[in-house]
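Everything below concerns the one structure shown next.
The values are calculated or read from the model by the stated rules, or taken from the named source; none is laboratory data. Please read all numbers here as calculations on a predicted model, not as lab measurements. As a convention, Cβ positions derive from the backbone with ideal geometry for all residues, glycine included, and neighbour counts pool all protein chains shown.
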């Protein structure tokens, strides 16, 4: 009897190990909850990035069995004397300027159209997103078939308006526009989607006021819609900027950088350097440069979001 | 309506039915180029080799399911589909396992710094992870394993899950009815024990 009472008091005074454990978890939930995700993030993302920096200052060939050798910044110095790299950087710039100047106006126009009310709008909006959700590799293959110079359906359509066979992917001057076309086809829906979100959040009153004051569609677009949707548009521009900077899938499938190096972007050059020539150290230094560029663009994106949203 | 004649020149533009029909046609015109590659893909998949290579392209032809039979019977499509399913299932499972508590910590305990680190990692180009992971996997002899694929997919799935789930978890400042109920029900034993 007495022993039982003792046991009871003991139980109340000092909780069991299990209770202590649960209590500890309960009090420290704020960081315990984040711990698994944090560990995975550090292990999977933060650590590889530091490892990348480490590799980029070494002369490191994955084949041949020669141990990596520390060479300081020589990879970076060599990088900015590498004509193939500079050309790919320039090409990526052209890709960005060309792609964005088509995709942003087109996406905004489509968004303005699908922001109106008309029958079938819902299903049309959904269907418009198909290129975005389809697998890039399969779609790139379809485009290769459609762009075939002798039997492709695109050239067939062009022949209707009297344009002869166009060698889309094997003409040095046409390969970038052709790839931009595919990029535009795939990602303009995303621009339209972002713009639609921005448009549907706009207040209606200014538009009604403008309509009553007699402003026509053209004026309403330039003086009202565009300035009001600009913050959203900026986000779309930056998203596309970052994505085009990283563009690789359909270029790799469609041309592998060819003909010659005419469609080799920095990301593709990086990929080939690392995983085809196994020049790990040099490839890493290209990765670091790309990462720096993307990070700069991302910081601009975060700033733009903070000031506008 | 007073002065409505001043707004538009053509009376047709004021007609809502005409306007809607015009917008509908414009919508279709926008949609056609975006959907054509899918249409061409489907059409090509039921053409014979001869019809597929024909120029000018044939629009009327005898459809065949030969290509589908080839994919499923002659090629190892089942194995590839199974591989993808295994990788997708494990990736989703682990991303949810790590992501949901992480999102809870961000939403409830305002761990915004942590959330931003995860986001920054998400914004890094895939190529920046490709080389380190490739070298590491080669050194650990983990290339050509499901493990390597699942971990590399986690890099992109985990941040997505984490950031999506933040929105679904109520903030701490709300009255937290279910959390209180769980406490009274004895789920969080330390604070409810005497």
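Taking the stated definitions as given, is residue A:235 in a helix (DSSP H, G or I), at pLDDT below 85 and within 19 Å of the chain's Cα centre (by Cα)?
Working: in a helix (DSSP H, G or I): yes; at pLDDT below 85: yes; within 19 Å of the chain's Cα centre (by Cα): yes.
The answer is yes for residue A:235.
Counting only residues that are without any contact (Cβ under 8 Å) to a residue 60 or more places away in the chain and buried (at least 17 other Cβ atoms within 10 Å of the Cβ), how many does the stretch A:37-81 have?
Residues that pass the stated criteria total 8.
What's the total number of residues in the stretch A:202-225 that are touching a residue at least 12 places away in the same chain (Cβ under 8 Å) and either away from chain B (no Cβ under 14 Å) or closer than 30 Å to residue A:258 by Cβ (or both)?
Matching residues across the stretch A:202-225 total 6.
Looking at A:228, A:273 in this structure, which one is part of a helix (DSSP H, G or I), within 23 Å of the chain's Cα centre (by Cα) and touching a residue at least 12 places away in the same chain (Cβ under 8 Å)?
Within the list A:228, A:273, the selection yields A:273.
Yes/no matrix, rows are residues, columns are (1) within 19 Å of the chain's Cα centre (by Cα); (2) under 30 Å from residue A:270 (Cα atoms):
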residue: B:61; (1), (2): no, no
residue: B:68; (1), (2): no, no
residue: B:72; (1), (2): no, no
residue: B:77; (1), (2): no, no
residue: B:89; (1), (2): yes, no
residue: B:105; (1), (2): no, no
residue: B:133; (1), (2): no, yes
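Just need a number here: residues in the stretch B:130-155 that are in a helix (DSSP H, G or I) and either facing chain A (nearest Cβ under 7 Å) or within 27 Å of residue A:57 (Cβ to Cβ) (or both).
Of the residues in the stretch B:130-155, the ones in a helix (DSSP H, G or I) are B:130-139, B:146-155.
Now restrict to residues that are either facing chain A (nearest Cβ under 7 Å) or within 27 Å of residue A:57 (Cβ to Cβ) (or both): B:130-139, B:148, B:151-152, B:154-155.
So the answer is 15.
For the stretch B:115-129: of the residues being assigned to a helix (DSSP H, G or I) and crowded, with 21+ Cβ neighbours inside 10 Å, which is farthest from the other protein chains (Cβ to nearest Cβ)? Give the derivation first.
Of the stretch B:115-129, the ones assigned to a helix (DSSP H, G or I) are B:115-123, B:126-129.
Subsequent filtering for residues that are crowded, with 21+ Cβ neighbours inside 10 Å retains B:115, B:118, B:121, B:127-129.
Details: B:115: 9, B:118: 5, B:121: 4, B:127: 5, B:128: 5, B:129: 5 Å.
Residue satisfying both the conditions and the ranking: B:115.
Closer than 20 Å to residue B:41 by Cα, in contact (Cβ under 8 Å) with a residue 24 or more places away in the chain and either assigned by TED's automatic domain parsing to the domain that holds residue A:221 or surrounded by fewer than 16 Cβ atoms within 10 Å (Cβ to Cβ) (or both): which single residue out of A:172, A:144, A:153 fits that description?
Answer to the check: A:144.
Which condition number does residue B:111 fail, the rest of (1) closer than 13 Å to residue A:32 by Cα; (2) in contact (Cβ under 8 Å) with a residue 24 or more places away in the chain being met?
(2)
Can residue A:10 be described as within 13 Å of chain B (Cβ to nearest Cβ), modelled with pLDDT under 85 and either surrounded by 15 or more Cβ atoms within 10 Å (Cβ to Cβ) or part of a helix (DSSP H, G or I) (or both)?
no
Do we find a residue being more than 9 Å from every other protein chain (Cβ to nearest Cβ), touching a strand residue (DSSP E or B) at 6+ places or on another chain (Cβ under 9 Å) and assigned to a helix (DSSP H, G or I) anywhere in the stretch A:281-293? Walk me through how you get there before you give the answer.
Here is the first cut: in the stretch A:281-293, the ones more than 9 Å from every other protein chain (Cβ to nearest Cβ) are A:281-282, A:285, A:289, A:292.
Now drop any that are not touching a strand residue (DSSP E or B) at 6+ places or on another chain (Cβ under 9 Å), which leaves A:281-282.
Still in the list and also assigned to a helix (DSSP H, G or I): A:281-282.
Looking for residues that are more than 9 Å from every other protein chain (Cβ to nearest Cβ), touching a strand residue (DSSP E or B) at 6+ places or on another chain (Cβ under 9 Å) and assigned to a helix (DSSP H, G or I), one finds at least one in the stretch A:281-293, hence yes.
Here's the yes/no breakdown for (1) farther than 30 Å from residue A:27 by Cβ; (2) surrounded by fewer than 16 Cβ atoms within 10 Å (Cβ to Cβ):
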{"site": "B:50", "(1), (2)": "yes, yes"}
{"site": "B:54", "(1), (2)": "yes, yes"}
{"site": "B:62", "(1), (2)": "yes, yes"}
{"site": "B:77", "(1), (2)": "yes, yes"}
{"site": "B:84", "(1), (2)": "yes, yes"}
{"site": "B:90", "(1), (2)": "yes, no"}
{"site": "B:104", "(1), (2)": "no, no"}
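With respect to residue A:304, determine if the residue is surrounded by fewer than 20 Cβ atoms within 10 Å (Cβ to Cβ), in a helix (DSSP H, G or I) and more than 9 Å from chain B (Cβ to nearest Cβ).
Considered against the rule, which asks whether it is surrounded by fewer than 20 Cβ atoms within 10 Å (Cβ to Cβ), in a helix (DSSP H, G or I) and more than 9 Å from chain B (Cβ to nearest Cβ), residue A:304 comes out as yes.
When the stretch B:61-98 is examined, which residues are found to be part of a loop (DSSP other than H, G, I, E, B) and without any contact (Cβ under 8 Å) to a residue 12 or more places away in the chain? Before you say what the answer is, go through the steps one by one.
To start, the set of residues in the stretch B:61-98 that are part of a loop (DSSP other than H, G, I, E, B) comprises B:61-65, B:75-76.
B:75, B:76 - these are the residues of the stretch B:61-98 that are part of a loop (DSSP other than H, G, I, E, B) and without any contact (Cβ under 8 Å) to a residue 12 or more places away in the chain.
Can you pull out the residues in the stretch A:114-132 that are touching a helix residue (DSSP H, G or I) at 6+ places or on another chain (Cβ under 9 Å) and part of a helix (DSSP H, G or I)?
The answer is A:114, A:115, A:121, A:124, A:125, A:127, A:128, A:130, A:131, A:132.
Identify, by number, the condition in (1) within 13 Å of chain A (Cβ to nearest Cβ); (2) assigned to a helix (DSSP H, G or I) that residue B:58 doesn't meet.
In the conditions (1) within 13 Å of chain A (Cβ to nearest Cβ); (2) assigned to a helix (DSSP H, G or I), residue B:58 misses (2) alone.
Say we look at the stretch A:264-278 and pick out the residues that are on the phi < 0 side of the Ramachandran plot and at pLDDT below 85; which of these is surrounded by the fewest Cβ atoms within 10 Å (Cβ to Cβ)?
Taking the candidates together, the pick is A:276.
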